[in-house]
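For reference, the structure is listed below as structure tokens.
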Amino acid sequence: MGAALRRIQLGSALSAFGLGFTVPYLYVYVAQVRDLGAGTAGVVLAVFAMAALAVLPFTGRTIDRRGPLPVLVVAAATAAVGACALGVSNGVTSAVLSAAVLGAGTAVMQPALATMLVWCSSAATRTRAFATQFFLQNLGLGIGGLVGGQLVDVDHPSSFTLLFLIEAAMFVVLGVVAATVRMPRAPALTVSADGEAPKAGLRVLLSHRAMVQLCVLGFVIFFACYGQFESGLAAYGTEAAGIDPSTLGIALAANTAVIVAAQFVVLRLVERRRRSRVIAWVGLIWAFAWIVAGYAGLGHGGQTMATAAMISTYALFGLGEAMLSPTVAPLVADLAPEAMVGQYNSAFALVKQLALAVGPAVGGPVGASLHAPYIVTFVLFSLGISVLALKLGRRLTPVQDNPSLTAPSRVVAVSLPGSEPVTAPTAVR
């Protein structure tokens, strides 16, 4: 990696480290430590997600017009203010407003960082750059959660205030590190023969069929996996499988451990293969994971077997996540025209947030009460990922689907929104 890319990855990892201090304990902090009740805690978590939905529609155009660097610095400063405010909030209004500021700041960071990665990488190196970011972010989250768990004390609100201050400090570090980055280049905006700039905007994005299909696929991916981790799957595990709530922490640790241990092994296996086929394999792996979860809750293998099956389910999800990190995010970047990289990244981030908002609302009640239908539903959703991925593959050029092939300097040169894919030059293998 170049110097700019190394600094971006470092800042991204440190911000994830800061988030790890507070994310696992936000509900407990609001409901029990500040004694605001479960209802307020639920509102705070909802506002955290809804704030992202409010700002992301405007983020992409700002990134494309002003550049990702100033947007990232402002987002990091905003998130730092929100974290500090939430750490000292002791009332409903202040907690909700602080969560809104924190959620907005952290949401804007995602497409800004993704666009910076695109600018600092080429089509050949982008897969590894995004895989490295995913690896470092999960490592940071895991370490932050472990360290934060040693510092918190429910009987001492000041210990939680310390966690939020550490989180705020990491956001400040991200902003400072980003401010020192000298971006290697700005994307060259091509101008037509009549002197007009290329078209950009939501209409252009919606006319790009491959991107629309990728957004639909992304929604199903995030709804069927990430949207269930801390809601439906957790409720199913405790209610149907009867596992101890503390086991959920072990299961999440197993998920992170698989990602950290397998990421670069998986990368070597998938980076020279068709992206659509890799995503299709993820759907099959996750379908098997849901079947294993079904055995945990609906089988009769005893408590030990049920616990092992639930931990294995989370580990299998981690394997799928490690396969997705070098495929989905780089594909969004490779589909984007030069003038719309920020808008494409923001649109995909918006789809992710929608799935993360809808997933718990649907999965939580169903996972807690309708055990068999819950498992069957998400087995089908996972198989749907495979079907949608294979359909998407037919929309992609050979190089977009497999960037290891010889390609022009920018993949989008052979597939623009509103046009059908054409055959790109391929390498003789």
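What to note about this one:
- Mean projected area (nm²) of the alpha-carbon convex hull when segment 1-73 is viewed from all directions: 6.3 nm²
- With viscosity 1.002 mPa s and temperature 20 °C, the Kirkwood radius over alpha carbon pairs of segment 293-332 converts through Stokes-Einstein to a diffusion coefficient of 187 µm²/s.
- Inter-part distance where segment 250-274 and segment 340-357 are each reduced to a Cα centre, Å: 23 Å
- When the helices of the chain are scored as -39500 (n - 2.57) per DSSP H run of n ≥ 4 and the total is divided over every residue, the value at 222 nm lands at -25000 deg cm²/dmol.
- Segment 292-363: Rg to Rh, with Rh as the Kirkwood radius over Cα pairs: 1.19
- Looking at the chain, the accessible area is 42 square angstrom per residue; that uses a 1.4 Å probe and ignores ligands, DNA and RNA.
- Along principal axes, Cα extents of segment 335-386, largest first, whole Å: 47, 23, 6
- Considering every alpha-carbon pair of segment 1-148, the percent of pairs per 5 Å bin, from zero through the bin containing the longest distance, is 2, 10, 17, 19, 19, 15, 9, 5, 3, 1, 0.
- Computed FRET value (nearest 0.05) for LEU269 with ARG6, which takes r as the C-beta separation and R₀ as 30 Å: 0.75
- Taking the 1.4 Å solvent-accessible surface of segment 27-77 as the whole, the part contributed by carbon and sulfur is 64%.
- Cα-based Kirkwood hydrodynamic radius, the chain, one decimal, Å: 22.1 Å
- Sorted from greatest to least, the principal axis extents spanned by the alpha carbons of segment 220-347 come out as 55, 28, 21 Å.
- Pairwise label distance in nanometres, VAL212 with LEU53, each label 7 Å out on the Cα-Cβ vector: 2.2 nm
- The packing ranking of peptides 206-218, 328-340, 142-154, highest mean first, is 328-340, 206-218, 142-154, where packing means the average number of other beta carbon atoms within 10 angstrom of each residue.
- With distances taken between every two different alpha-carbon atoms, segment 22-64 has a Kirkwood hydrodynamic radius of 11.6 Å.
- In order along segment 325-333, the Karplus-derived 3J(HN,Hα) couplings, from 6.51 cos²θ - 1.76 cosθ + 1.60 at θ = phi - 60°, round to 4, x, 10, 6, 4, x, 5, 4, 5 Hz, and Gly and Pro are given as x.
- Computed FRET value (nearest 0.05) for VAL28 with GLN303, which takes r as the C-beta separation and R₀ as 30 Å: 0.70
- The value given for segment 224-287 is a Kirkwood hydrodynamic radius of 13.6 Å, derived from the mean inverse Cα-Cα separation.
The values are calculated or read from the model by the stated rules, or taken from the named source; none is laboratory data. Please read these numbers as outputs of a predicted model, since none were measured by experiment. Here the Cβ is made from the backbone with ideal geometry for all residues, glycine too, and neighbour counts use every protein chain on show. The protein model used for the area step is the full one, side chains on, heavy atoms only, and it has no ligands, DNA or RNA in it. Shrake-Rupley method; radii C 1.70, N 1.55, O 1.52, S 1.80 Å.
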